[in-house]
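Taking it in order: structure first as structure tokens, then the write-up.
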Amino acid sequence: MRVEKNTVVSLNYELTDASGKILEKTDIPISYLHGGYGGIFPLVEEALHEMEIGYSCSISMEPEDTFGEYDAELIRVEPRDSFPANVVVGMNFEGGAEGSDDFIIYKVTDVSDDSVTVDGNHPFAGMKLNFACTVTEVRPATAEEISHQHVHGAHGHEH
């Protein structure tokens, strides 16, 4: 079966930075709904379109093709008393504009007696990345997966 719109594609992948350092690597295949649903980088989806099981490729991507440029405005220094007493570097918090349903995950990068510094950039923002993958399975998507615009687990709907 070919990779086409409304197929579920499973693949093994390795994500590396420009120097070849492995940033992520699958132990078991991941799956996404093919056809512009946002489940994988658009350049990867384009490279896999009309391919079959066993197809391998490597795609070099600029920041605008992945997680965007690093944005210094996403670094915020907040009052220490706005956070729980046990806040430590590495913790994640949701944040966003008051009254908005949009939110960003902020990572704590510094904690002092008076303030907490958080960064809303993705850890790979601003990086050139290489995505190498091999297609391990292709199957038709279910009507429910197409309706919900994402892959469901082996036992049906899982969010």
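The values are calculated or read from the model by the stated rules, or taken from the named source; none is laboratory data. Model, not experiment: these values are computed from the prediction. We place every Cβ from the backbone using ideal geometry, glycine too, and count neighbours over all the protein chains shown.
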Residue match in segment 87-107 (condition: farther than 27 Å from ALA18 by Cβ, among the aromatic types (Phe, Trp, Tyr) and touching a strand residue (DSSP E or B) at 6+ places or on another chain (Cβ under 9 Å)): yes
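When the residues of segment 11-51 are filtered to those that are of a type in the set (S, T, N, Q) and surrounded by 18 or more Cβ atoms within 10 Å (Cβ to Cβ), which remaining residue is farthest from GLU144 (Cα to Cα)?
From segment 11-51, those of a type in the set (S, T, N, Q) are 12, 16, 19, 26, 31; that's our starting set.
Restricting the remaining residues to those that are surrounded by 18 or more Cβ atoms within 10 Å (Cβ to Cβ) gives 16, 31.
Working: THR16: 34, SER31: 15 Å.
That would be THR16.
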Residue in segment 100-107 that is of a type in the set (Asp, Glu) and within 28 Å of VAL44 (Cα to Cα) present: yes
Residue in segment 113-128 that is out of contact with any strand residue (DSSP E or B) (no Cβ under 6 Å at 6 or more places or on another chain), more than 30 Å from GLU46 (Cα to Cα) and not assigned by TED's automatic domain parsing to the domain that holds LEU43 present: yes
Unique match (being aliphatic (A, V, I, L, M), free of Cβ contacts under 8 Å to residues at least 24 places away in the same chain and touching a strand residue (DSSP E or B) at 6+ places or on another chain (Cβ under 8 Å)) among ILE30, ILE59: ILE30
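Looking only at strands (runs of 3 or more DSSP E) that lie completely in segment 1-94, which have at least 2 residues being at positive phi?
none
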Single unsatisfied condition, SER82 versus (1) farther than 24 Å from SER147 by Cα; (2) buried (at least 17 other Cβ atoms within 10 Å of the Cβ): (2)
GLU64 under 30 Å from MET1 (Cα atoms) and modelled with pLDDT of 95 or more: no
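Looking at GLY99, is it surrounded by fewer than 11 Cβ atoms within 10 Å (Cβ to Cβ) and either assigned by TED's automatic domain parsing to the domain that holds SER112 or in contact (Cβ under 8 Å) with a residue 60 or more places away in the chain (or both)? Explain how you work it out, then say what you get.
Details: surrounded by fewer than 11 Cβ atoms within 10 Å (Cβ to Cβ): yes; either assigned by TED's automatic domain parsing to the domain that holds SER112 or in contact (Cβ under 8 Å) with a residue 60 or more places away in the chain (or both): yes.
Yes: the conditions hold for GLY99.
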Failed item in (1) within 21 Å of PRO42 (Cβ to Cβ); (2) surrounded by fewer than 16 Cβ atoms within 10 Å (Cβ to Cβ); (3) among the aliphatic types (A, V, I, L, M), with ILE75 passing the rest: (1)
Any hit, segment 142-150, residues being on the phi > 0 side of the Ramachandran plot and among the polar types (S, T, N, Q): yes
